[in-house]
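Visitor: Here's a structure for you.
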Amino acid sequence: MEEPAQLPTPSGAISPPRPDAPRSPGTPPRPSRRWSRAVVALAAVLTAGAAAVHLTATFFFNAPDNVVSQKYRAQLTWWTSPLLNQNWQLFAPNPISENLEIDARASVGPSASVTSWIDLSTLDQAVSTDNLAPSHLTMNGLRNAWLEYTSTHDANGRATAPLADTAQQYLQSLVLGYLRPHVTGTIGSVQVRFVVTLAPGDGRTAQQMAPQTQTLPWWVTAS
């Protein structure tokens, strides 16, 4: 039986090899499509599983107390705090009612010279304003770190919850990331202060709307 005639190719062009043509010695074997499909399927399953776990944990963390949230409170808190912490409840939203300013300063070098206060909130605002796709970190990172810290420490900086150390380390790491581009030299310690001002509202007096400042102790860094 005669083989079908091959179409002529342009001058100098290399015709593609036939699927059943023998490979020359030393040519690596073609990758199996089964392995490619298995890798893609495994990645899809893992992604879907991670998304399902995250959505379920977020739902029960923000939902009113129930049997599931009470039984797995430690696991839900571990999953969401401090990076994914929320300041709202599923059926009882807690809208932001105050303006928050977070400042930080550093002790630099062997002489431990102290820098001036740097307004970290203003840095975030400058990056987010007029940005069509602002980062979640620049919009909410500092506020979430403040919420987590104040919920695990008292006004004097003493720990009041099991995750207090984690909340402090997260806030300290976040502040260091802001300070390093603006500080020359080795940072030996940092200090953070919060300036909270209630938003205008009915029935609020001038005294209530006066800025409230909380200055935290100096934290020694590893940098």
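The values are calculated or read from the model by the stated rules, or taken from the named source; none is laboratory data. Treat the numbers as computed from the prediction; the structure is a model and nothing was measured. Cβ sites come from the backbone with ideal geometry, for glycine too, and all protein chains shown count toward neighbours.
Visitor: Suppose we filter region 141-166 for residues that are farther than 20 Å from TRP78 by Cβ and not in a loop (DSSP other than H, G, I, E, B); how many remain?
Guide: Of the residues in that region, 3 qualify.
Visitor: Return the residues of region 26-49 that are at pLDDT below 80 and among the basic types (Lys, Arg); say none if nothing qualifies.
Guide: ARG30, ARG33, ARG34
Visitor: Right, something else. Tally the residues that are surrounded by 14 or more Cβ atoms within 10 Å (Cβ to Cβ) and of a type in the set (Asp, Glu), restricting the search to region 120-140.
Guide: Looking only at that region, the number is 1.
Visitor: SER107 is checked against (1) at pLDDT 90 or above; (2) closer than 20 Å to LEU147 by Cβ and fails just one. What number does that condition carry?
Guide: Against the list (1) at pLDDT 90 or above; (2) closer than 20 Å to LEU147 by Cβ, SER107 comes up short only on (2).
Visitor: Here's another thing I want to ask about it. Would you be able to tell me the number of residues in region 123-169 that are in contact with an Asp or Glu (Cβ under 8 Å, 6 or more places away or on another chain) and among the β-branched types (Val, Ile, Thr)?
Guide: 2
Visitor: Report, by residue number, each residue of region 141-155 that is of a type in the set (S, T, N, Q) and either loosely packed, with under 11 Cβ neighbours inside 10 Å or under 18 Å from TRP219 (Cβ atoms) (or both).
Guide: Narrowing region 141-155 to residues of a type in the set (S, T, N, Q): 144, 150-152.
The answer is THR150, THR152.
Visitor: Take region 167-186 and flag every residue that is under 22 Å from the mean Cα position of the chain (by Cα) and either surrounded by 16 or more Cβ atoms within 10 Å (Cβ to Cβ) or not in a helix (DSSP H, G or I) (or both).
Guide: ALA167, GLN168, TYR170, LEU171, GLN172, LEU174, VAL175, LEU176, TYR178, LEU179
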